[in-house]
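Trainee: One structure, pasted below without further comment.
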Amino acid sequence: MISAQRSTLSYLKWPLIVTFVGLVLSGWLGWATEGTLGGILSFLLIGSVLAALEIGLSFDNAIVNANKLEDMTPVWRQRFLTWGILIAVFGMRIVFPLAIVAIFAWINPFEAMKLALSDPDEYSHIIEGAHGSIAAFGGTFLMMVALKFFVDEDKSIDWIVGLECRLRKCGSVRGFEIALVLGIMLSICYFLPTHFQSTFLFSAIMGLLVFTLVDGLGTYLDYKSNQMAQMGARGGLGAFLYLEVLDASFSFDGVIGAFALTANILLIAIGLGIGAMYVRSMTILLVEKGTLQEFRYLEHGAFYSIFALSVVMFVQSLTHVPEILTGGMGVAFIGYAFFSSIRHNQRETQ
């Protein structure tokens, strides 16, 4: 019992180290920015809240990552857990916001960085102005991710049986999930201001296009990998790319939500980076402990959470949705799925 507990706690080693370093940096940044004890405490609090925000919004991401990692070769799994996390932390938490400002303000990335450090309020304003386009892109991508899971005709386990059986039957209709997403996109677009409709549709269609390309490329690369490795190794470069784009889509909401707390890009990177390390450790724990097999409905809860998040991102094009509600829905779905899995296991052992 003690060894099992130590084994589980060992997954928190690096997240705790990163938390300590990140909070020290947050405090130093508060002193360098404000020069007061209040500034230090304020930056420490915001950094901690950002980390909690990232964990709450990304727990379903960890479950989906774990599901995909189970099919990856050990080499590519390790590459995702090392290089992938660096891309996630530095790419999505630093480069992505800079890229948004560079595109929407028509300036080069170096000017965007200068703007972020010298005029954070203007930087935050540009980010918020791009929120609608980002929400349309990310919402479409994540909705396709969720629907692909539910319309899979090979899926053998159902949680909400009536709904999932009907969706699985719809999977025999070619392009059903694409038609459904397009219908939802047009419905949301109808209620948008006229001047924003074309931007929303363009961003949403780009999300659909990127999902189709990444999913198709992943299938093709994995198929070629299977041909080259006759032992049936799966989940190489294609799965790696899929997970990176998926992580990017999950990160949209967290990055945008972070600007509601602070416009300091360095503090945002530190706080969200701390949270990303915990998500990485949760992913590793789920894979190595075989948690997805032990709790059969946990994966279903994650995909329901993803679908709910995609709907929220669409709705955010119309009105603001508090981040606590977004994260709360994900926790609720996954928590209920976890409880349902325990009840199922108890019935099986009786």
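Quick note: the coordinates plus some simple rules give every number you see, no bench work behind them. Just so it is clear, the model here is predicted, and its values are computed rather than measured. Reconstructed Cβ throughout: ideal geometry from the backbone, glycine too, with neighbour counts over all protein chains shown.
Trainee: Once the dipole of the chain is set up with Lys and Arg at +1 and Asp and Glu at -1 on Cβ about the Cα centre, which of ILE284, LEU217, ALA32 lies farthest towards its positive end?
Mentor: So the residue we want is ILE284.
Trainee: Let me ask another. Take the Cα coordinates of segment 274-344, assign each an equal point scatterer, and use the Debye formula without solvent to give log10 I(q)/I(0) at q = 0.16, 0.18, 0.21, 0.28 Å⁻¹.
Mentor: Reported log10 I(q)/I(0), two decimals: -0.65, -0.79, -0.97, -1.19.
Trainee: About its Cα centre, how strong a charge dipole does segment 2-349 have in debye, to the nearest 20, once Lys and Arg get +1 and Asp and Glu get -1 at the Cβ?
Mentor: For this selection, approximately 780 debye.
Trainee: Still on this structure: When the chain is fully extended, how far beyond the present Cα-Cα distance does GLU288 get from THR319, taking 0.36 nm per residue of separation?
Mentor: Values: separation 31, 0.36 × 31 = 11.16 nm, distance 4.07 nm.
The span from GLU288 to THR319 would gain 7.1 nm if fully extended.
Trainee: Additional query: For segment 29-159, state what percent of all Cα-Cα pairs lands in each successive 10 Å bin, counting from 0 Å until the bin that includes the largest distance.
Mentor: Over segment 29-159, the share of Cα pairs per 10 Å bin runs 10, 26, 34, 21, 8, 2, 0 percent.
Trainee: Could you please rank SER341, SER172, SER42, placing first whichever residue has the fewest other Cβ atoms within 10 Å of its Cβ? The partial results should precede the final answer.
Mentor: On the way: SER341 21, SER172 9, SER42 18.
So the ranking, lowest neighbour count to highest, is SER172, SER42, SER341.
Trainee: Only helices at least 24 Å long along their own axis, judged from Cα atoms, and with Kyte-Doolittle mean hydropathy of 0.5 or greater: name those in the chain from DSSP H.
Mentor: Working: long enough: 13-34 (32 Å, 0.99); 37-69 (45 Å, 1.34); 131-150 (28 Å, 1.35); 194-228 (51 Å, 0.54); 237-258 (31 Å, 1.24); 265-288 (34 Å, 1.89); 298-315 (26 Å, 1.59); 323-349 (39 Å, 0.12).
Going by DSSP H runs, the hits are 13-34, 37-69, 131-150, 194-228, 237-258, 265-288, 298-315.
Trainee: Do any chymotrypsin sites (Phe, Trp or Tyr not before Pro) in segment 61-112 lie in a DSSP loop with no more than 12 other beta carbon atoms within 10 Å, and if so, which? Please report the intermediate quantities before stating the final value.
Mentor: On the way: sites: TRP76, PHE80, TRP83, PHE90, PHE104, TRP106, PHE110; in loops: TRP106.
Counting only loop positions with at most 12 other Cβ atoms within 10 Å, the chymotrypsin sites (Phe, Trp or Tyr not before Pro) in segment 61-112 are TRP106.
Trainee: Cα convex hull of segment 106-171: how many Å³ per residue? List each step's numbers first, then the result.
Mentor: Details: hull volume 9.8 nm³, N = 66.
Once divided by residue count, the hull of segment 106-171 is 148 Å³.
Trainee: On to the next question. Taking the convex hull of the alpha carbon atoms in segment 89-223, what volume per residue do you get, in Å³?
Mentor: Values: hull volume 22.1 nm³, N = 135.
Convex hull of Cα atoms, per residue: 164 Å³.
Trainee: Which order do the peptides 45-53, 173-181, 303-311 come out in when sorted by mean C-beta neighbours inside 10 angstrom, highest first? Don't skip to the answer; put the middle values down first.
Mentor: Working: 45-53: 20.3, 173-181: 14.1, 303-311: 23.3.
Ranked by mean Cβ neighbours within 10 Å, highest first: 303-311, 45-53, 173-181.
Trainee: Another one. Where does segment 8-86 land on Rg/Rh, using Cα atoms and the Kirkwood Rh? Kindly include the intermediate steps, with their values, before the conclusion.
Mentor: On the way: Rg = 16.4 Å, Rh = 14.7 Å.
That ratio is 1.11, to two decimals.
Trainee: Let me ask you something else. For segment 2-349: lysine pairs with Cα atoms under 21 Å, gap of 8 or more or different chains, count? Intermediate results must be reported in sequence, preceding the final value.
Mentor: On the way: LYS13/LYS289; LYS68/LYS148; LYS68/LYS155; LYS68/LYS224; LYS68/LYS289; LYS148/LYS169; LYS155/LYS169.
Counting lysine pairs in segment 2-349 gives 7.
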